[in-house]
Each structure stands twice: as C-alpha cells, then as structure tokens.
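Asker: Okay, here's the structure, questions in a sec.
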Amino acid sequence: MSISTPGGPERRPTVVSTGKKPAAGRPASGAKAGSGKPAGSPRAGGKGPRKPVTPVKVSQGRAWGPIALFVAVGVLAAGIIGYGAWASFQGAKPWDKRANAIDGISNIRKSDPDSLKYESHKSGPLTWKYSPPVGGVHNAAWQNCMGDVYDAPIANEHAVHSLEHGAVWITYRPDLPKDQVDKLAGKVRGVEKMLMSPYEGLDKPISLQAWGYQLKLDNADDSRIDEFIKDLRVNASAEGPTALCNTGITATGTTPRELQQPQQPPTQ
C-alpha cells in the first residue's frame with residue numbers, strides 16, 4: 001500500500017486480492033442479505049409465523065324473488081278460501097233472500113201481492129197491471145216451457161200459467177241485435193222451466209219474469225240474468241216444483257188457445 005505524501009499527488013488505496021471466493025451461501029463482503037424471507041419464517045420481533053388471511057365473504061342480500069312468489073301464492077290462496085266461504089254463505093241463504101239481493105229486481109210478491117191473486121182459470125184475452133205480466137189471472141193452458149225458444153210473440157195468458165209452474169220467461173224487444181238474442185237463447189234452450197220470446201212495447205231491451213218477480217235490463221251480457229235464473233227458476237213456482245212444463249201450447253201468436261174445448265151440455 002502506498003501512502004500519499006503531503007503536497008504529493010492523491011492516490012487511491014491499493015486493494016490486494018487474496019484470490020479467494022466467498023463461501024457458498026454467504027453474501028459477498030459488503031453485500032446485504034436478500035430481502036425475500038422463507039415461508040413460515042419468524043416475524044420480526046420473534047412473534048412466530050404469520051396467520052393465514054381469512055377470505056372476506058361478500059353478502060349477496062336477501063333472495064326477494066322466492067319471498068315475493070311465496071307471498072303472492074299465500075294471498076291467492078287466502079282469496080280463494082275467502083271467496084269459497086263467501087259463496088257457501090250466500091248459497092246457504094233462502095232463495096227468496098238471494099233473489100231480493102239482485103240489484104234492480106222488482107219483488108211484486110212484496111210490493112203488490114194482490115195483483116197475483118186469482119180465483120180460477122179464464123178463457124179469452126185477459127189484462128194485467130204489469131207488462132209483461134208476472135202472475136195473476138191466466139188461461140187454463142200453459143205455454144210449453146221445456147227450454148223453448150220462440151221466434152215470435154206468444155200469448156200472455158199461457159205464459160203466465162208457465163210462470164205459475166215455476167218457469168222463468170225471458171222477453172226482449174224484437175229489434176234486439178241478433179248476437180244479443182243468441183246469448184239469451186243459449187241460457188234457455190234445452191233447460192226445463194225456461195222459455196223465451198220477443199215482446200212488443202218493452203220499456204227496456206230485455207225483461208225477465210218469474211211468478212211475482214221482474215228484472216229489466218239493457219244488455220244480454222248482464223250477469224244478473226244468470227242470478228235471476230239460478231235463484232228463481234223452479235223456486236218461484238206457485239204450484240210447487242212438480243208442476244209440469246211439457247204438454248203445453250207450442251204455437252206462437254198473442255191470441256190465447258185452449259187445449260181442450262169447453263164441453264157442451266147434452267142435448268135433450
């Protein structure tokens with residue numbers, strides 16, 4: 001090694017190489033140890049190995065779809081059960097209570113019972129307080145009411161007798177549209193104790209009659225037609241449910257007919 005002398009040129013110290021390599025696994029002199037640490041190596045301060053990090057679960061929220069479906073099914077089931085209970089209650093009512101609950105129905109039995117009274121069958125043309133008539137005096141022959149759909153007016157005298165036997169008589173204005181007439185006919189055709197015919201001079205397009213009851217309507221789609229038929233057909237009979245509706249008059253025309261001619265007294 002040379003040492004600079006005062007005032008002489010400055011020289012760097014000479015490093016003498018020994019010719020030896022650093023031992024394997026040891027860092028060279030002056031080099032820092034590697035920064036990486038083996039897995040599981042003790043933490044600084046001697047606190048032991050680091051614990052594995054637990055994954056964080058992300059909440060997805062409530063499954064609202066199944067909940068909404070369950071609620072909807074529950075509401076529907078409750079509605080069905082409630083309607084069934086209400087229908088059973090309604091069906092348990094007497095027929096006249098159900099009939100009186102029909103909106104717009106006229107109960108002549110209650111409001112004008114005297115108009116329904118009569119002493120005997122009568123022949124020839126007769127008159128009534130209500131149009132179409134709903135009861136009272138009538139002919140000895142009834143109009144056939146086995147689901148008959150008449151395409152022309154019939155005699156009131158025979159139709160009222162059909163009402164007495166428990167029939168529902170549907171009448172309509174002759175100018176009622178065909179599709180409306182067909183809907184009415186569908187409720188009558190082939191049903192015992194039902195008959196239907198056009199009627200001149202109605203103050204409403206459609207009028208329904210049972211013995212002592214009447215309901216006037218504007219449209220054949222009105223649900224009250226079915227209610228009237230259900231509650232009053234057979235039930236409103238003034239002669240009981242066994243009264244006949246067959247073997248009656250089948251001809252149309254407003255002039256009353258007789259099934260049997262009155263017997264003549266024997267000649268002397």
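The values are calculated or read from the model by the stated rules, or taken from the named source; none is laboratory data. All values reported here derive from a predicted model rather than from experimental measurement. Ideal geometry is used to build each Cβ from the backbone, glycine not excepted, and the neighbour counts take in all protein chains shown. To get the accessible areas, we keep the full protein, side chains included, count just its heavy atoms, and leave off ligands, DNA and RNA. Shrake-Rupley method; radii C 1.70, N 1.55, O 1.52, S 1.80 Å.
Asker: For a label point 7 Å from the Cα of Arg257 along Cα→C-beta, name the residues of segment 134-150 whose backbone N is under 20 Å from it.
Answerer: 138-150
Asker: Rule-of-thumb check for segment 133-268: C-alpha Rg over 2.2 N^0.38 Å? The partial results should precede the final answer.
Answerer: On the way: Rg = 15.2 Å, N = 136, 2.2 N^0.38 = 14.2 Å.
The reported ratio for this selection is 1.07.
Asker: What does a probe at Ser111 reach in segment 125-152, counting residues whose amide N is under 15 Å from the point 7 Å along Cα→Cβ?
Answerer: Counting only backbone N, you get 129-135.
Asker: Going from most exposed to least, what order do Ile67, Ile105 have by accessible area with a 1.4 Å probe?
Answerer: Numbers: Ile67 75, Ile105 30 Å².
Putting Ile67, Ile105 in descending order of accessible area: Ile67, Ile105.
Asker: Separation between the Leu244 and Ile81 pseudo-spin-labels, each 7 Å from Cα along Cα→Cβ, expressed in nm?
Answerer: Modelled inter-label distance: 5.2 nm.
Asker: Pick out, in residue order, every one of the trypsin sites (Lys or Arg not before Pro) in segment 130-218 that is DSSP loop and has at most 16 other C-beta atoms within 10 Å; say none if there are none.
Answerer: Details: sites: Lys178, Lys183, Lys187, Arg189, Lys193, Lys216; in loops: Arg189, Lys193.
In loop regions of segment 130-218 (DSSP not H, G, I, E or B), the sparsely surrounded trypsin sites (Lys or Arg not before Pro) are Arg189.
Asker: Over segment 65-207, with the other protein chains present, what is the accessible area per residue in square angstrom, probe 1.4 angstrom?
Answerer: Here the residues of segment 65-207 average 52 Å² of exposed surface.
Asker: Sum up the lysine pairs in segment 64-217 that clear both bars: alpha-carbon distance under 18 Å and a spacing of 8 or more or different chains.
Answerer: Count of close lysine pairs: 13.
Asker: Can you pull the accessible area of Ser162 for me, 1.4 Å probe, Å² to the nearest 10?
Answerer: 0
Asker: Right, another one. List the pair-distance distribution P(r) of segment 181-225, using every Cα-Cα distance, as the percent of pairs falling in each 10 Å bin from 0 up to the bin containing the longest distance, rounded to whole percents.
Answerer: In order of increasing distance, the bins hold 23, 62, 15 percent.
Asker: Check which residues have an amide H placed less than 5 Å from Lys193's amide H, if you skip close sequence neighbours.
Answerer: Amide H to amide H, under 5 Å and 5 or more residues apart or across chains, Lys193 pairs with Met146, Gly147.
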